[in-house]
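Q: Here's a structure for you.
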Amino acid sequence: MFNLSDGVKKALIIAPTEPLPAKTRVALRRRYLAQLELSKAHKAGLIIIGHPKSGNTWLKAMISRLYQQRYGLPESQLINTDEFSRKYPEIPRLAATNGHYSYEAEVGKLLAPGAPDNPLRHKPVLFLARNPIDIAVSWYHQFTKRQSRAKQELINHSIAHPIDRRTVEMWDFVRHSDIGLPSLIDYQNFWASAVQQLENGLLVKYEDLRAEPVPTLLQITRLMGERFSEDDVRAAVEWGSFENLQKLETAGTFSQGGMKLVNANDPSTYKVRRGKVGGYREDFNPEQVAELEALVRDNILPELGYCRETTGS
């Protein structure tokens, strides 16, 4: 039996189904990718639930750095799922999933409130929340310029109104699409509530990880059952700074882990694109900002507190 990596297993699902008719291709990919997603979650030492553009890749990069330092691994190598554990079994696997779109919903179903008891509900589970307007803007750039065609097709087949990434404008994507701001608010509310009902669930806000990265990352590593020193974590945070990661990305340092350079001449395609808290205010006029913030303020859970004056986010 071949000991294949999760990345190879995924490629062996995507590539052979490419020539098939769209309906058949999507159905087969959804079925077998869901099986792989569940397998990754069951083997993981930490399940990270986060919508795309919530900081999942940044978090995994800092966790990667901790193990790079501990085991002398190259900085070009990042952990996505089993990349490190295949060489060092004592390094926990990660399973990062949105738990919502297409095949990734299968993990979400097992962690949702009211789901029957199952092993995933007893694992360490982190929900990484973020202001849904910041997500929406970054999600627009991801969906239109970085998303693989296979992943985009799967998402489009799971929503009522598919999105043409060649023509959609940012405002229409953010405000009116099926995967825009209203759905992102619902997503944040659902998982902020759901994670609190899990045995080892933890809610972390992206904004807190930005503002206080060392204690927040320490808290996350302890959820994983790991013990890194504060100096180790501080070094990983410094390595994971926006400036350093963007420098490494644009130099083509990374070949996997979601950080692979797409187009060096177009900064909007960078994985490490901006990373600002409240950066959406630079993308819309004051009336649009007010509309988006009111929508969030009126519908977000109080414990998330986004778009309230006291939070500044």
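Q: Does any residue of the range 107-124 turn out to be open to solvent by less than 10 Å² (accessible area, probe 1.4 Å), over 22 Å from Val277 (Cβ atoms) and not aliphatic (A, V, I, L, M)?
A: Yes.
Each row is one residue, and each column tells you yes or no for (1) open to solvent by 50 Å² or more (accessible area, probe 1.4 Å); (2) modelled with pLDDT of 95 or more; (3) of a type in the set (Gly, Ala, Ser); (4) closer than 21 Å to Leu203 by Cβ.
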site	(1), (2), (3), (4)
Ser39	no, yes, yes, no
Ile48	no, yes, no, yes
Trp58	no, no, no, yes
Leu73	no, no, no, no
Ile79	no, no, no, no
Ile91	no, yes, no, no
Thr97	no, yes, no, yes
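Q: Can you pull out every residue in the range 165-205 that is over 28 Å from Pro116 (Cβ atoms) and small (Gly, Ala, Ser)?
A: Ser177, Gly180
Q: Let me ask another. If I ask for residues that are open to solvent by less than 30 Å² (accessible area, probe 1.4 Å), out of contact with any helix residue (DSSP H, G or I) (no Cβ under 7 Å at 6 or more places or on another chain) and within 22 Å of Ile49 (Cα to Cα), which ones from the range 222-253 would you list?
A: The answer is Met224, Glu226.
Q: So, one more: Among the residues of the range 56-85, count how many are in a helix (DSSP H, G or I) and of a type in the set (S, T, N, Q).
A: Qualifying residue count for the region: 5.
Q: Next question. Would you point out which residue out of Tyr67, Tyr101, Tyr32 is touching a residue at least 12 places away in the same chain (Cβ under 8 Å) and open to solvent by 30 Å² or more (accessible area, probe 1.4 Å)?
A: That would be Tyr32, the only listed residue that is touching a residue at least 12 places away in the same chain (Cβ under 8 Å) and open to solvent by 30 Å² or more (accessible area, probe 1.4 Å).
Q: List every residue pair whose Cβ atoms sit under 8 Å apart, with the two residues 6 or more apart in sequence or on different chains, where the first one lies in the range 109-134 and is in a loop (DSSP other than H, G, I, E, B) and the second, anywhere, is open to solvent by 20 Å² or more (accessible area, probe 1.4 Å) and aliphatic (A, V, I, L, M).
A: Qualifying pairs under 8 Å: Asn118/Leu110; Asn131/Val277.
Q: Do you know which residues across the range 125-151 are polar (S, T, N, Q) and either at positive phi or modelled with pLDDT of 95 or more (or both)?
A: Residue satisfying the conditions is Asn131 alone.
The values are calculated or read from the model by the stated rules, or taken from the named source; none is laboratory data. Keep in mind the model is a prediction, meaning the values are calculated, not measured. No Cβ is skipped: glycine too gets one built from the backbone with ideal geometry, and neighbour counts run over all protein chains shown. Side chains included, ligands, DNA and RNA excluded: accessible areas come from the protein's heavy atoms. Shrake-Rupley method; radii C 1.70, N 1.55, O 1.52, S 1.80 Å.
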